[in-house]
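Read the structure below first, then the notes.
Any read-out appearing in this document is the output of simple, stated calculations on the displayed coordinates, not a laboratory observation. Since the model is a prediction, treat every value here as computed from it, not as a measurement. Glycine also receives a Cβ, built like all others from the backbone with ideal geometry; neighbour counts cover every protein chain displayed.
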Amino acid sequence: MDEKDLVRNSKEGDEEAFGVLVIKYKTKVYHLAYSLTQDAQAADDLAQEVFIKAYFALDKFRGKSEFGTWIYRIAVNHCRDFLRKKNRMTQIPLENIIGKISAQEDETFPEEKEQEEAQRRKVVHTTIQTLPDKYRVILSLRDIQDFSYSEIAKILDISPGTVDSRLHRARKMLRKKLEPFFSQKGEGHEM
Amino acid sequence: MKCKQSEKYLLRSLENRLNPSVKIQLKSHLDDCPQCRKRQSEYQIILRSLKEESFPETLPYFWERLQPRLKEKRKIDPWFVGKQFGLRAIPLSILVVVLFTAAVFLFIPSPKEELDLSQTGVFLLQNSNPLEETQTLLSEEGDGNKHIMLLFSSLDETNDIGRNLP
């Protein structure tokens, strides 16, 4: 059964058909939620809510785009709502995050080099959390999830040109925020 | 090439989205500008860190945990069940209407048109007996009754209050 049939059957209330679609897209939706929240439990909850939302909105899916694009759009919007609410509640200064992570001794990586790499990754991912939602989303879609420019344009319902400029601003902003970390580590001088 | 422009191009170059001539210009700028070289190296670190993100596995029984939530939500939202039923009901109701209309045209005879006929026409074409009423009166037993009824039946014009005119 192809995806169109699965969608049609799901619209008619066939839960098993919808189950096949869930199994196909759950990992990507979960990863998207995880990259935006950095919290496995929250990402799982969000992914479940995304599929619930999609199931009850199936009659609005006209098939103009791919089902995958449609579900990612729901996921992005749902995660944005979640982040907006969460950001209202907690706002941790970036300096605290970088200082805290840099001071941590990660015992899971005995090799010094690996430990440093892991720490760097952690700092970068945590710093993304401090960016405005629209930049966080675009970095997640392009640089973490590896979606193409045209896919991102469809998911976010913006032009590929806007994807390019927004991504450029997001990367620039992220680098600016990471400057204290790079100077602290003495990185970025020569590769 | 200025530093601001080079930042834009070096981000594109990291994704191999730069045409060869700009690539050469960027390279010569980077050779001369330590600040932009530093930036390039920082961007490389950032992009590598993002691409290397390790994702945890999805929590087990994702679909099994989702199913009861869907059922529960459906109970709360009876409109959704209605909508699902409605989707199937639309073609069915169209079919019923079409069949009903076809049945009306095929099986129910159209009512006869009322013809605008003169009294003679009515007698001749609708096979009515013009003397039927008179015959009924004449078959009455009492002579007095016959005369009075014949007299009244000849007066078929009535006034406003329904009485026969003299």
*How fast does the stretch B:3-51 diffuse by Stokes-Einstein, in µm²/s, taking the Kirkwood radius from C-alpha pairs at 4 °C and 1.567 mPa s?*
119 µm²/s
*Shielding of A:51-59 by partner chains, average beta-carbon count, 10 Å*: 4
*Past the 19 Å Cα-Cα mark, which pairs from A:LYS28/A:LYS60; A:LYS122/A:LYS176; A:LYS176/B:LYS38; A:LYS176/B:LYS23; A:LYS134/B:LYS73?*
A:LYS28/A:LYS60; A:LYS176/B:LYS23; A:LYS134/B:LYS73
*Calculate, axis by axis, the spread of Cα positions in the stretch A:118-164 along the three principal axes, and write the results as whole Å, longest axis first.*
35, 19, 14
*Tell me, what is the FRET efficiency for B:ALA102 and A:ARG62 to the nearest 0.05, using R0 = 35 angstrom and their Cβ-Cβ distance as r?*
0.60
